[in-house]
1. Highest mean first, how do 411-421, 326-336 rank when packing is the count of other Cβ atoms within 10 Å averaged over residues?
2. Which distance in Å, rounded to a whole number, links the C-alpha centroids of region 272-309 and region 147-217?
3. Collect residues whose amide H, placed 1.01 Å from N in the peptide plane, falls under 5 Å from the amide H of Ser382; neighbours closer than 5 in sequence don't count.
4. If amide H atoms are built 1.01 Å from N in the plane of the peptide, which residues on other chains or at least 5 residues away come under 5 Å of the amide H of Met335?
5. With a Förster radius of 41 Å, plug the Cβ-Cβ distance of Thr248 and Ala21 into 1/(1 + (r/R0)^6) and report the FRET value to the nearest 0.05.
6. If packing is taken as the average number of other Cβ atoms within 10 Å across a peptide's residues, how do 434-445, 54-65 rank, most packed first?
7. Show me, for region 435-441, the HN-Hα J-couplings you get by feeding each phi into the Karplus relation (A = 6.51, B = -1.76, C = 1.60, θ = phi - 60°), rounded to Hz, glycine and proline as x.
8. How large is ³J(HN,Hα) for each residue in region 88-102, as worked out from phi by the Karplus curve 6.51 cos²θ - 1.76 cosθ + 1.60 (θ = phi - 60°), to whole Hz, x for Gly and Pro?
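The numbers here are math on the coordinates, done by the rules we state, and not lab data. The structure presented is a predicted model; accordingly, all values stated were derived computationally and were not measured. Note: ideal-geometry Cβ built from the backbone for every residue, glycine included; neighbour counts use all protein chains shown.
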Amino acid sequence: MRSLSDAFHPTRRWIVLLAAAEWVVLLLVFYAAAWLRFLGDTELMAQAFGDVGKRALVFASIQVAAMVAMGMYVAHSREGLNGYAVRALVAFVGGGLVLIALQYAMPFNPIGRGVLFPALFLGFCAIVLMRMLAAWGVRADLLQRRVLVIGAGNKAALIESKLGSTRCWRTMTILGYVPLAGDAERIAPEQQIAAPDGILALARSLDIDELVIAPDDRRGTLPMDDLMQCRLEGMVLNEVGTFLENETGRIQFSVVNPSWVLFAEGFDSGAVRAASKRLFDVTAAAILLLLTLPVMLLTALLILLESGFRGPIFYRQERVGQAGRCFQVLKFRSMRTDAEKDGVARWASSNDDRVTRVGRVIRKLRIDELPQVINVFSGEMSFVGPRPERPPFVDQLSQSIPYYALRHAVKPGITGWAQLRYAYGASVEDAREKLKYDLYYVKNHSFMFDLLVLLQTVEVILFGKGAR
């Protein structure tokens, strides 16, 4: 049985050391910010600022508490550096707001903007750098979850078919597969592991973090008492479908059924989430508009010049939005005005000869999407969400692909999880694959998820990946 000695497990000890090291770094960062503010003049610092030490302690403690609240010290995380950067950004913004609010409650002089803001910026940069160094220098096994799969048949084999043949991934190590009565023999014998004393004893002896439940036949094959005790001892239990969803960032249709749609966790569309998403949309769209306005004006001029001041600058097209409602999406025109002169909707393709010279550039850089900020302001689109499709394509895809209509549970977006994780779709099969990512977003969308998508979108634009 897991006991108090688990507190001294190497992984947990490493997390405690990381938190302590980051607290010390934030102390030093605050001293550095104060030194920069007063240009090293200690007398002026003492006169205008008083005791730097007290303020440094408050600053470091609140920021570490904010990072704890944002889940930056969990034992095993599926997120990479991008996820840590997003969480750190939110933690430092939230911690900064708390510090500002506490200015009037502190029993000494306020910190002052001239020190607080540089300290927040330097602290954020220092924490991201430390996470990069930690990921590079810490033993991989300390960061990996130890996983045991219950089952060795067809459903268990999905894990290797979807994730690859190796048993070790960046965030986890699969220790083995426990065969159950009624399972087909789909896992190699050398990967199977016997449990003569029961699942609980095996999980304890292997120091398992997570159990994946993957029997071919549930009836009378699962040791429910052992599994319940495993959960009570802090081990995570996941169905194979949920496990694959979390590891791949997409829904697996092979393990989805109508009851999953009805009873699965997620699909949060409550009032609080709707309000936070709308705030995120308007803020992100306003920032994007301010940053890209010169680029948009230049693009409009180039489109006019290429068309001899005869063609339109913008392109309006009917798309399907939330709840199946249609709206007019607004984009910079990147194709000839006669691109669909016969009135038949066509998929875009690589090296499409309908694309203009300016269009090739703005599509590559995704500048053609920028006018959609107007759709965001009007409430027809979100900043992050599934890509809006044309009604003829939606009708076709809804008949061909199960659960396709679920993507319309949220507003379509300028950018989205599927756009980042899958190449530009140009066929029914591409749409089927992209739907797996769209449904993952619909099921799991949150403020943090939107921030992560936004950060990765910036990377895609800077390095020109994924555009057509």
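1. The packing order, highest mean first, is 411-421, 326-336.
2. 49 Å
3. Under 5 Å from the amide H of Ser382: Gly413, Ile414.
4. Close amide H contacts, sequence-distant or interchain: Thr356.
5. Efficiency for this residue pair is about 0.80.
6. My ranking of the peptides, most packed first, is 434-445, 54-65.
7. 4, 4, 6, 4, 5, 4, 5
8. Calculated HN-Hα couplings, in order: 5, 4, 5, 5, 6, 5, x, x, x, 5, 5, 5, 5, 5, 7 Hz.
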